[in-house]
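The values are calculated or read from the model by the stated rules, or taken from the named source; none is laboratory data. Computed from a prediction, not measured in an experiment: that's the story for all the values here. Note that we place each Cβ from the backbone using ideal geometry, even for glycine, and neighbour counts take in every protein chain shown. To get the accessible areas, we keep the full protein, side chains included, count just its heavy atoms, and leave off ligands, DNA and RNA. Shrake-Rupley method; radii C 1.70, N 1.55, O 1.52, S 1.80 Å.
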Amino acid sequence: MRIDIITVQPGLLESPFSHSILKRAQTKGLLEVHTHNLRDYSMLKHNQVDDYQFGGGAGMVMMLEPVVNAIESLQAKVKYDEVIYLTPDGETLNQRIANQLSLKGNLLLLCGHYKGIDERIRIHFVTKEISIGDYVLSGGELAAAVLVDAIGRLIPGVLNDETSALLDSFQDNLLAPPVYTRPEEFRGWRVPDVLLSGDHKKIDNWRHDQALERTKERRPDLL
Ligand code: 6GU
């Protein structure tokens with residue numbers, strides 16, 4: 001999968017993809033992430049990319065031309081399955097959306113800033129709008145990093161143990177069950193006997209019960 005990201009803050013996107021699972025995904029050749037500085041696509045003095053909004057009001061708006069220029073330059077080289085605008089008024093990201101996007105070939109992400117982008121870009125170029133939750137960030141970059149992480153780890157072959165993503169919280173609309181590792185006992189706090197029993201059927205049942213219990217308690221809306 002190839003992911004291109006158009007941003008006015010490319011520096012914010014340098015580190016998130018150079019560690020751990022996303023780094024390995026790229027080393028293995030399963031994922032390519034390219035960031036593009038929107039200012040490089042401005043035709044104006046000082047590489048201007050924002051302007052006052054028509055109708056007045058506080059806050060700048062990302063201009064049409066640099067964004068269109070950036071999108072069309074990239075589209076001339078790459079065929080994108082989706083052009084995704086990261087914005088607080090988009091559809092809230094969840095595991096179902098991450099699963100769907102992980103099956104795509106190429107994605108183009110556009111990070112919003114200021115008051116947002118000129119509406120005509122959303123109408124004529126954007127195919128999907130995504131938010132990462134009901135709170136406001138200073139820009140779409142951190143949201144883009146979250147989205148790329150959620151998608152990248154689901155690309156087949158990225159995780160070592162192929163089944164481990166299947167057992168994540170949310171994959172079956174249940175939260176994950178509790179987990180334990182060594183030692184078996186610490187300050188008198190024991191690991192549940194069932195996990196030491198070696199009876200895999202019993203362990204699977206216990207985990208499923210725990211997942212259900214936890215979901216009922218914490219996220220009844222998922223059931
Ligand atoms: Cl995608 N962008 C911004 N600026 N704030 C957000 C968001 C996105 N998702 C949640 N809050």
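So that you can scan it fast, the table gives a plain yes or no per residue for (1) without any contact (Cβ under 8 Å) to a residue 40 or more places away in the chain; (2) in contact with a Phe, Trp or Tyr (Cβ under 6 Å, 6 or more places away or on another chain); (3) not small (G, A, S):
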{"residue": "K128", "(1), (2), (3)": "no, no, yes"}
{"residue": "E141", "(1), (2), (3)": "no, no, yes"}
{"residue": "A145", "(1), (2), (3)": "no, no, no"}
{"residue": "D149", "(1), (2), (3)": "no, no, yes"}
{"residue": "R187", "(1), (2), (3)": "yes, no, yes"}
{"residue": "V194", "(1), (2), (3)": "yes, yes, yes"}
{"residue": "K201", "(1), (2), (3)": "yes, no, yes"}
{"residue": "T215", "(1), (2), (3)": "no, no, yes"}
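The residues in region 123-141 that are near the ligand (Cβ under 8 Å from one of its atoms), in contact with a helix residue (DSSP H, G or I) (Cβ under 8 Å, 6 or more places away or on another chain) and either outside the structural domain of P10 (by TED's automatic domain parsing) or farther than 14 Å from E82 by Cβ (or both) can be counted, and the count is 4. Taking the stated definitions as given, is T215 among the hydroxyl-bearing types (S, T, Y), farther than 22 Å from D89 by Cα and outside any loop (DSSP other than H, G, I, E, B)? Judged against the criteria, T215 is a match. Is at least one residue of region 68-86 assigned to a loop (DSSP other than H, G, I, E, B) and buried (at least 22 other Cβ atoms within 10 Å of the Cβ)? Taking every residue of region 68-86 in turn, none turns out to be assigned to a loop (DSSP other than H, G, I, E, B) and buried (at least 22 other Cβ atoms within 10 Å of the Cβ).
Look at (1) open to solvent by less than 100 Å² (accessible area, probe 1.4 Å); (2) within 16 Å of the ligand (Cβ to nearest atom); (3) outside any helix (DSSP H, G or I) and you find that P156 fails only one, number (2).
Applying the criterion of being of a type in the set (G, A, S) and more than 30 Å from L175 (Cβ to Cβ) to the residues of region 87-126, the residue that is most open to solvent (accessible area, probe 1.4 Å) is G105. Inclusion of P183 among residues that are loosely packed, with under 15 Cβ neighbours inside 10 Å, assigned to a loop (DSSP other than H, G, I, E, B) and touching a helix residue (DSSP H, G or I) at 6+ places or on another chain (Cβ under 9 Å) is not warranted.
Just for region 109-120: of the residues that are within 15 Å of the ligand (Cβ to nearest atom) and not hydroxyl-bearing (S, T, Y), which one is nearest to L64 (Cα to Cα)? Across region 109-120, the extreme among qualifying residues is I117.
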